[in-house]
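**Student:** Dropping a structure here in structure tokens format, bear with me for questions.
The values are calculated or read from the model by the stated rules, or taken from the named source; none is laboratory data. All figures in this text were calculated on a predicted structure; none of them were measured in a lab. So basically every Cβ, Gly included, is an ideal-geometry build from the backbone, and we count neighbours across all protein chains shown.
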Amino acid sequence: MTGLSRDRAERLAKAHACAHCREYSFRKLAVKPAPASLAEELQVVWVVVRTCGVCGVQSELGIQDDGDIVYEG
Ligand SMILES: [Zn+2]
């Protein structure tokens, strides 16, 4: 179980700037439950895949139960 809702995870992801151009405009953003391996290893509850609306870079974020963002790739 998680205390962090999907909506909250989405808002957190949108408030996290693009690592490449530092903009906050995303043309695609998908929030999905973290796979068990990731949940166990990094305590990630949601995985967000997003595409920057400015530079087009795709990035992936893992969001922990407490709202911390643990990786970006
Ligand atoms: Zn960008």
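**Student:** Which count do you get for residues in the range 15-34 that are among the charged types (D, E, K, R), in contact (Cβ under 8 Å) with a residue 12 or more places away in the chain and farther than 16 Å from residue 60 by Cβ? Before you say what the answer is, go through the steps one by one.
**Tutor:** From the range 15-34, those among the charged types (D, E, K, R) are 22-23, 27-28, 32; that's our starting set.
Now restrict to residues that are in contact (Cβ under 8 Å) with a residue 12 or more places away in the chain: 23, 27-28, 32.
Still in the running and farther than 16 Å from residue 60 by Cβ: 23.
Qualifying residue count for the region: 1.
**Student:** So, in the range 18-56, exactly how many residues are under 16 Å from residue 73 (Cα atoms), among the aliphatic types (A, V, I, L, M) and either crowded, with 16+ Cβ neighbours inside 10 Å or at pLDDT 95 or above (or both)?
**Tutor:** Total meeting the criteria: 9.
**Student:** Taking residue 59, is it more than 14 Å from residue 6 (Cβ to Cβ), buried (at least 18 other Cβ atoms within 10 Å of the Cβ) and within 16 Å of the ligand (Cβ to nearest atom)?
**Tutor:** Against the criterion (more than 14 Å from residue 6 (Cβ to Cβ), buried (at least 18 other Cβ atoms within 10 Å of the Cβ) and within 16 Å of the ligand (Cβ to nearest atom)), residue 59 qualifies.
**Student:** Those residues that are out of contact with any Lys or Arg (no Cβ under 7 Å at 6 or more places or on another chain), within 19 Å of residue 4 (Cβ to Cβ) and within 16 Å of the ligand (Cβ to nearest atom), I need them from the range 42-56; list them, please.
**Tutor:** 48, 49
**Student:** Still on this structure: Counting residues that are of a type in the set (S, T, N, Q), which strands (runs of 3 or more DSSP E) fully inside the chain reach at least 3? It would help to see each step written out before you state the result.
**Tutor:** Details: elements: 26-33, 44-52, 58-64, 69-72.
Once the strands (runs of 3 or more DSSP E) in the chain are filtered for at least 3 residues that are of a type in the set (S, T, N, Q), what remains is 58-64.
**Student:** Kindly indicate whether residue 9 is surrounded by fewer than 13 Cβ atoms within 10 Å (Cβ to Cβ), away from the ligand (no atom under 16 Å from the Cβ) and among the hydrophobic types (A, V, I, L, M, F, W, C). Let's see the steps before the verdict.
**Tutor:** Numbers: surrounded by fewer than 13 Cβ atoms within 10 Å (Cβ to Cβ): no; away from the ligand (no atom under 16 Å from the Cβ): yes; among the hydrophobic types (A, V, I, L, M, F, W, C): yes.
So residue 9 does not fit the description; no.
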